[in-house]
Amino acid sequence: MIDFVQNTIDGVMIGASYGLLALGFTLIFGVMRRLNLSYGPSIMIGAYLGTLIYVQFSAGPVAVVVMTVLGAVLAGIYVERLCFAPMAASAGIASMVSSFAIWMQLEQAAILILPRHTYPFPPLATGAPLELGPFLLRIDHLMMLACALLLSAGVQYVIYRSRFGLALRAIIGNPVAAHLVGIDVKTSVMLAFAGASAVGGIAGYLVLAIDQQVTPMFGMWATMKGLIAMMIGGLGSIPGAILGGLVLGVVEAHSLWHFGPQVRDLVAYLLLFACLVLRPSGILGDAPAAETSIGRRSA
Amino acid sequence: MLELQGLTKHFGGVRAVEKVDLSVAQGEILGLIGPNGSGKSTIVNLICGLFPLTDGRVLLHGTDISDLPPHARVTLGIARTFQNIRLFGQLTVWQNLWVAQNSGEQFGQENFLRRWLGGSRRARGEIDRTLEFFDLAHKSDELAANLAFGEQRRLEFARALAAKPSLVLLDEPAAGMNAEEIDQLDRRIRMLRDDGVTILLIEHHVELVMSVADRIAVLNFGQKIAEGAPADVQANPLVREAYLGTATAA
């Protein structure tokens, strides 16, 4: 029983990082209806720049956070300019395929920046874990969970309550009309990508600060975990992204405990498969799906 | 205030608009009429910058705006409605206006955070007043997609006004409306003109144009064939042949 609870706690904490990754994803895929496979690799580029200043100049944690987020944002804008801005809104497949090509490019760029396979990443909090009766809570895990909840609330506010979020949703519903009521569509979409990458950058920093190491494979890992968590939680739903991350984290934690690390990923993909078969729109995916169809109807 | 000089648009081999010269004076209601396919909607699309000109220029207050993107033209004071309604269906009525609202300050000078993350009390009051003017205040929290057709038409008009334009392009605002709704539309267009807004009205409904317009321009096959006071245009034999003649025959 103690093991069960401890595993669930660990799962929730790790799941928070998946949720954060899914949050950035859902901003682009759920809200803009475009799949950016280079999302993870953009974060990885940010993390590499963060590691670079840590290894070369032994930069402090604040500088590493800023560098990681800034690098992720710049890489995100680069991907948007190259793969998404030139394509018509209807050419989602073309954007997705070109974002795959840029993924490869970004991985090679990371290897050029730092050629060894693995580099150290500065830890966030090194203190002893909190003891709560028989259970242990790591401080960096708690910070991750807090960040996930705060950021998702912030993103939810921006998308559904702020004028900028309304402008984004107006663009998805009716791009031509959005132009003609004075919305700067190009700049708004670019800012949405930048925002998603910033969220991803924060997520990437937190994950790597816990792992304390970074490899070029982190890009693929971030894309996969974010994508799975988003699909389980529900496309385009911001609470769904966090919830999907938590579910994925808990399921992984328990399968790791019972079956070991090889089976863990197997279970994660099985969970995704079951979710796609039983509930294709995801746990909280109904509302946004209806929303898009309303947008189309009036278009 | 608005001047079209030699406005030309070809779609492949189709001469949709051919060397049209037209000027709209400050504070007037100019009616633009013509048979189907005569290029009326294309002219509206060219004025608001939806696609590039083949030739000619669009001047606003004497400045050439031919190369500006659509959203920049809106900030200069040109707003429009659409013949086929293009609302943001997933947003509420109130949000449709908010997202289109122009704070009235010079573009780029206003605070980005205030413009995009919040909204001033004054701005909210303006939206409420616009909704009342169009008799939509009681619907302000409904999704635009759930409105009745007539309400959607009014919301289109209201949204165009939210940008606080000095020139409004109305693309067939009466399409699908009943007699009572057209009366209301007539009244609203006049009130708007009395408020100092210049209006370019494109309309199939001849009675409405004849009643409300100060001047009328007539297009046929992408060219302007007549221009003048409603009575003169109505009496013009070219116009009768091209447009009114066929309308009475049909």
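Test B:Leu185 against the criterion of being touching an Asp or Glu at 6+ places or on another chain (Cβ under 9 Å) and either assigned to a strand (DSSP E or B) or open to solvent by less than 20 Å² (accessible area, probe 1.4 Å) (or both), and give yes or no.
no
Any residue in region B:4-17 that is within 13 Å of the chain's Cα centre (by Cα) and either under 19 Å from B:Ile189 (Cα atoms) or open to solvent by less than 60 Å² (accessible area, probe 1.4 Å) (or both)? Walk me through how you get there before you give the answer.
Residues of region B:4-17 that are within 13 Å of the chain's Cα centre (by Cα), as a first pass: none.
Taking every residue of region B:4-17 in turn, none turns out to be within 13 Å of the chain's Cα centre (by Cα) and either under 19 Å from B:Ile189 (Cα atoms) or open to solvent by less than 60 Å² (accessible area, probe 1.4 Å) (or both).
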query: Out of (1) open to solvent by less than 10 Å² (accessible area, probe 1.4 Å); (2) farther than 29 Å from A:Ser95 by Cβ, the odd one out for A:Tyr54 is which?
result: (1)
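Yes or no: B:Ala163 under 30 Å from A:Asn174 (Cβ atoms), in contact with a His (Cβ under 9 Å, 6 or more places away or on another chain) and either in contact (Cβ under 8 Å) with a residue 60 or more places away in the chain or more than 14 Å from chain A (Cβ to nearest Cβ) (or both)? Spell out the reasoning first.
On the way: under 30 Å from A:Asn174 (Cβ atoms): yes; in contact with a His (Cβ under 9 Å, 6 or more places away or on another chain): no; either in contact (Cβ under 8 Å) with a residue 60 or more places away in the chain or more than 14 Å from chain A (Cβ to nearest Cβ) (or both): yes.
Criteria not met by B:Ala163.
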- prompt: Does B:Phe82 qualify as being over 29 Å from B:Val239 (Cβ atoms), in contact with a helix residue (DSSP H, G or I) (Cβ under 8 Å, 6 or more places away or on another chain) and either within 13 Å of chain A (Cβ to nearest Cβ) or in contact (Cβ under 8 Å) with a residue 12 or more places away in the chain (or both)?
  reply: no
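Please go through region B:58-72 and pick out each residue that is within 9 Å of chain A (Cβ to nearest Cβ) and either open to solvent by less than 10 Å² (accessible area, probe 1.4 Å) or more than 16 Å from B:Val168 (Cα to Cα) (or both). Before the answer, list the steps.
Quick first cut of region B:58-72, residues within 9 Å of chain A (Cβ to nearest Cβ) only: B:69-72.
Correct list: B:Pro69 only.
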query: Among the residues of region A:203-252, how many are acidic (Asp, Glu) and open to solvent by 10 Å² or more (accessible area, probe 1.4 Å)?
result: 1
message: Anything in region A:162-175 that is facing chain B (nearest Cβ under 9 Å) and open to solvent by 40 Å² or more (accessible area, probe 1.4 Å)? List them, or say none.
response: A:Ile172
message: Within region B:108-118, does at least one residue satisfy the condition of being open to solvent by less than 30 Å² (accessible area, probe 1.4 Å), among the polar types (S, T, N, Q), modelled with pLDDT under 90 and over 20 Å from the mean Cα position of the chain (by Cα)?
response: no
message: Can you find, within region A:176-198, the residue that is farthest from B:Arg124 (Cα to Cα) among those that are at the interface with another protein chain (Cβ under 8 Å from one of its Cβ atoms) and open to solvent by less than 30 Å² (accessible area, probe 1.4 Å)?
response: A:Val185
- request: Determine if region A:60-68 includes at least one residue that is part of a helix (DSSP H, G or I), open to solvent by less than 30 Å² (accessible area, probe 1.4 Å) and of a type outside the set (Lys, Arg).
  value: yes
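The values are calculated or read from the model by the stated rules, or taken from the named source; none is laboratory data. Keep in mind it's a predicted model, so treat the numbers as computed, not measured. Cβ: placed from backbone, ideal geometry, glycine included. Neighbour counts: every protein chain shown. Calculation scope for accessible area: heavy atoms of the full protein, side chains included, ligands and nucleic acids excluded. Shrake-Rupley method; radii C 1.70, N 1.55, O 1.52, S 1.80 Å.
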